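Input: a single structure, listed below in structure tokens.
The values are calculated or read from the model by the stated rules, or taken from the named source; none is laboratory data. Only a predicted model underlies this, so the values are computations on that prediction, with no experimental measurement involved. Glycine also receives a Cβ, built like all others from the backbone with ideal geometry; neighbour counts cover every protein chain displayed.
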Amino acid sequence: MSRRPSIRTRALFALLTLIAFFAVLELLLWAGGVRPLIAERDPFQGFSASVRAFELDESAGLYRTPPRATRHSFNYQEFAARKPADGFRVFVLGGSSAYGFPWGASRAFPRLLEDALRQAAPRRGIEVINAAAMSYGSHRLRILAGELLRYEPDLLVIYSGHNEFIETRFYSEQIGRAEQLDRLRGLLHRWRFYAWVASLRERLARPAEPAEHAEDAEGDNAALLGLDVVREYPREVLKEQRGEAEARFEENLRAIVTMAREVGVPVWLCTVPSNLSGWAPNHSTFAAEVGSDERRRVEQALLEAAAALERDDPSTAADTLRRAVDLAPGHAELLFRLGVALSALGRQDAAREALRAARDTDAQPSRAPAFINEAIRRVGAAPGASWIDVEAAFTEHAEHGIPGFDLFEDYVHPKPNGHRIIAQQLWKRLLADGPTGPLNATTLSFDAALAAAESERPADVEAPNPALLFNLAVVLENQGRDEEAIERYRECLALQPSYYVARANLARLLARRGRHGEAATEHRRVLETEPGYLRSLLGLAEALRRSGDADAAREVASRAVQRDSASAAAQRVLGLALFQLQRFDRAEQAFRAALALDPGDAASRVDLGYCLLHQMKLDEAAASFRAAEPGDGRARNGLGAVLTERGEWAEAERLFRESLRIDPADPFARVGLEEIARRRGEG
């Protein structure tokens, strides 16, 4: 009689069968092209030392940036696996500014520094590796520095400080995670079966939506790309949160300096400049003690100051804003507008002070506040560290001593000339006092060294990333920098003509600048490949209407309504075309349809009021204008026109004069007053 296998034997056999099953499954998934998640994403999103930014290619004798890292956050870089005896190796850490956004490593200051140093010290093996990553803050850099110190650097350079507020919730979750599970998490991300299950789950969880809406979301919400980092700004950074950010930033810098000092590597920290003159604060708040009446006066002062600046009267604007600042001293927008007015008056020192205060009181900071550079200076004075005052260098080179769009692409990312300034500051220090002694004894200037390098390697410039250019254009557009945004959209489209969301955005900006013929051309190009793209249908209809072809606009707007009958915007654009054709009854129907779909559509409510006015439905028109947003100039003038028709001239005159007080060039209000004067003369 045969003996049955023991429970232990059966369990072992079952385990081996299970292992064999998953081994075969893994082989099949490999043959089917399924890649492990580790090839595409960092399971710890930069918050663990388990995944490296550089991987060894033994056959080439190089460390390289892996595709996973370049796809998400890093530039492609490579350096010798074994540093030459005469080698001099520098790693640059930081965020998107050091990365070279939006152009990439070829135009960033680490590359310029390497090029110049190789000319100055041709017999040294110079390597300046750009290890900066999109949106990386100081805690991520602290982890990354631990890896970089294994690669025998002679120097670490840190250019960081703008990213300390962008992912506070995610940051706290990662810091509080159970690190003992990191090994398991890393193993799962190397398992193809896990990748296949995760991909299936993501597809099932993702709601189906038209491609146009998905890309619209990208356009509406664009922030700096860097897919390892979820750029999540808090709505408002409170005083205690600023203190926490300062302490955390300084602690992380000190930790990097300490790690580096233990292996004999010096750390140089750069102060970080930002766009002061051209970038308005993201979010302004009132102190709790500022009452509702003072808040209304501040909002009115902003409107009056804007109108004064528009008519080239900075003196009146500055006086108005000073009084408002006395009411709300910490209001960032007030301080920024005051700085702009003072600069226009030639009072550059006072302007710089106001603009710095505006940056520092921004309730949603995307530019490093002053305390960041103060922390850099403190840590830079520690043993094993030094600091380079890049902020002062930018001030020295800036127009009127106030950095703006002369040196920055946007709010913090240097233009090529800005990168050149940073590289030159580091060059000066390295040649005079390098960590291994002066690098050379030549008399080459920085400009001469860089020119020689550029003449030798003129074609070694990578093409910029279209997505980064698109992203920069959206950021510029949101700040009202339309011409710069137009230029970036064009550069994006030159690289990727099929990027139709970028083309639609370009067309919208052209229309906003009054270039309606060009806008119509761009919208038509979108519709050639995406016939049902609603944004371009609406944009084309508006461009045609504003070009004087209201009938063609009506036809295109009707197509848009057929494309999406639930679109309030489509109904409004149709209403505007019908209004221009003086088909007021049909325009009224379209505006009412828009309001039925979106009762909060303030523009359609005002447009409806004008339709009713033209049909002499005065009571309904007055109700529509009164229901509009308080302070809406079109609604105020429309109500003035209704009252003029009713013979209530005193109140109508008051409304028109209020419009002219806010905007002395308001043509509708002027015509309204002239009409009242004419009618009074007839009476």
Self-check item: helices (runs of 4 or more DSSP H) contained entirely in region 521-580, each with at least 2 residues that are in contact with a His (Cβ under 9 Å, 6 or more places away or on another chain)
Solution: 534-546
Quiz item: Would you say E391 is without any contact (Cβ under 8 Å) to a residue 12 or more places away in the chain, more than 24 Å from R297 (Cα to Cα) and in a helix (DSSP H, G or I)?
Solution: no
Quiz prompt | Considering residues of region 106-126 that are assigned to a helix (DSSP H, G or I) and among the charged types (D, E, K, R) only, the residue nearest to P153 (Cα to Cα) | solution = E114
Exercise. Go through region 595-656 and tell me which helices (runs of 4 or more DSSP H), entirely inside it, have 3 or more residues that are closer than 18 Å to I676 by Cα and either more than 33 Å from the chain's Cα centre (by Cα) or outside the structural domain of L303 (by TED's automatic domain parsing) (or both).
Key: 633-646
Quiz item: Counting only residues that are acidic (D, E) and either under 48 Å from the mean Cα position of the chain (by Cα) or outside any helix (DSSP H, G or I) (or both), which one in region 657-683 is farthest from R605 (Cα to Cα)?
Solution: E674
Quiz prompt | G94 being in contact with a helix residue (DSSP H, G or I) (Cβ under 9 Å, 6 or more places away or on another chain), buried (at least 24 other Cβ atoms within 10 Å of the Cβ) and not assigned by TED's automatic domain parsing to the domain that holds R490 | solution = yes
Practice problem: Identify all residues within region 624-645 that are surrounded by 16 or more Cβ atoms within 10 Å (Cβ to Cβ) and within 16 Å of R592 (Cα to Cα); write none if there are none. | Solution: S624, F625, A628
Quiz item: Is at least one residue of region 127-138 in the same structural domain as Q77 (by TED's automatic domain parsing), over 14 Å from L430 (Cα atoms), outside any loop (DSSP other than H, G, I, E, B) and in contact with a helix residue (DSSP H, G or I) (Cβ under 6 Å, 6 or more places away or on another chain)?
Solution: yes
Quiz prompt | Subset of region 493-506 (residues that are within 16 Å of T529 (Cβ to Cβ), in a helix (DSSP H, G or I) and touching a Leu at 6+ places or on another chain (Cβ under 8 Å)) | solution = L493, A502, R503, L506
Practice problem: Look at R111 and say whether it is among the basic types (K, R) and either surrounded by fewer than 22 Cβ atoms within 10 Å (Cβ to Cβ) or over 26 Å from S366 (Cα atoms) (or both). | Solution: no
Self-check item: Restricting region 582-594 to residues that are closer than 8 Å to L608 by Cβ and among the charged types (D, E, K, R), the residue that is farthest from the chain's Cα centre (by Cα)
Solution: E588
Quiz item: closer than 27 Å to D406 by Cβ, among the polar types (S, T, N, Q) and without any contact (Cβ under 8 Å) to a residue 60 or more places away in the chain - does that describe any residue in region 475-491?
Solution: yes
Quiz item: Among all residue pairs at least 6 apart or on different chains, which show Cβ distances below 9 Å where the first residue, located in region 55-79, is on the phi > 0 side of the Ramachandran plot and the second is outside any loop (DSSP other than H, G, I, E, B) and surrounded by 14 or more Cβ atoms within 10 Å (Cβ to Cβ)?
Solution: G61/A80
Quiz prompt | Every pair of residues 6+ apart whose Cβ atoms lie under 6 Å, when the first sits in region 560-575 and is over 10 Å from A541 (Cβ atoms) while the second is of a type in the set (S, T, N, Q) and modelled with pLDDT under 95 | solution = R572/S604
Quiz item: Quick one: F371 ticks every box in (1) out of contact with any strand residue (DSSP E or B) (no Cβ under 9 Å at 6 or more places or on another chain); (2) within 23 Å of W427 (Cα to Cα) bar one, so which box is it?
Solution: (2)
Practice problem: Mind counting the residues in region 291-301 that are surrounded by fewer than 19 Cβ atoms within 10 Å (Cβ to Cβ) and either on the phi > 0 side of the Ramachandran plot or not polar (S, T, N, Q) (or both)? | Solution: 7
